[in-house]
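Everything below concerns the one structure shown next.
The values are calculated or read from the model by the stated rules, or taken from the named source; none is laboratory data. What you see is a predicted model; the values in this text were computed from it and never measured. Ideal geometry is used to build each Cβ from the backbone, glycine not excepted, and the neighbour counts take in all protein chains shown. SASA here: full protein model, heavy atoms, side chains in, ligands and nucleic acids out. Shrake-Rupley method; radii C 1.70, N 1.55, O 1.52, S 1.80 Å.
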Amino acid sequence: QIQLVESGGGSVQAGGSLKLSCAASGRTLSNHVMGWFRQAPGKEREFVAAIRWSGGTYYADSVKGRFAVSRDNAKNTGYLQMNSLKPEDTALYYCACRSNYYSASAGNYDYWGQGTQVTVSS
């Protein structure tokens, strides 16, 4: 079992930045993928970005060039750096984890954090 705890959400004005963290416990991440998803009220959960612990990053077109994923092996923690935030980025952000292969589908992830709210005002 892997437990995930997100932090770093908050409220910012458009153009601002936030950095989300996702701390994993219960197992040392190695051959895993950490994905970031978001869900706005009334909308489906959507893929934002992902990082393979062994290397490789993936981004949704809507965030490419503005968001960046990274990881700290020593801390067993993943990060989502969000720059140039827009009001349409407002959502509850989740991190999730699965083994081996990258996927942009939320249904393919086995472990989920509780979510952290990001609100961007215009």
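The table below gives the values:
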read-out	value
Taking N as its residue count, the alpha carbon Rg of region 59-122 over 2.2 N^0.38 Å	1.21
Accessible carbon and sulfur surface of the chain relative to its total accessible area, %, 1.4 Å	45
Å² of accessible area per residue within the chain, as computed with a 1.4 Å probe and no ligands counted	49
Stretchable slack from residue 121 to residue 1, in nm (0.36 nm times residue separation minus alpha-carbon distance)	39.5 nm
Inter-label distance, nm, simple model (7 Å from Cα along the C-beta direction), residue 72/residue 43	3.0
Cα principal axis extents for the chain, largest first, Å	40, 28, 24
Net charge dipole size for the chain [Lys, Arg +1 and Asp, Glu -1 on Cβ; Debye, nearest 20]	200
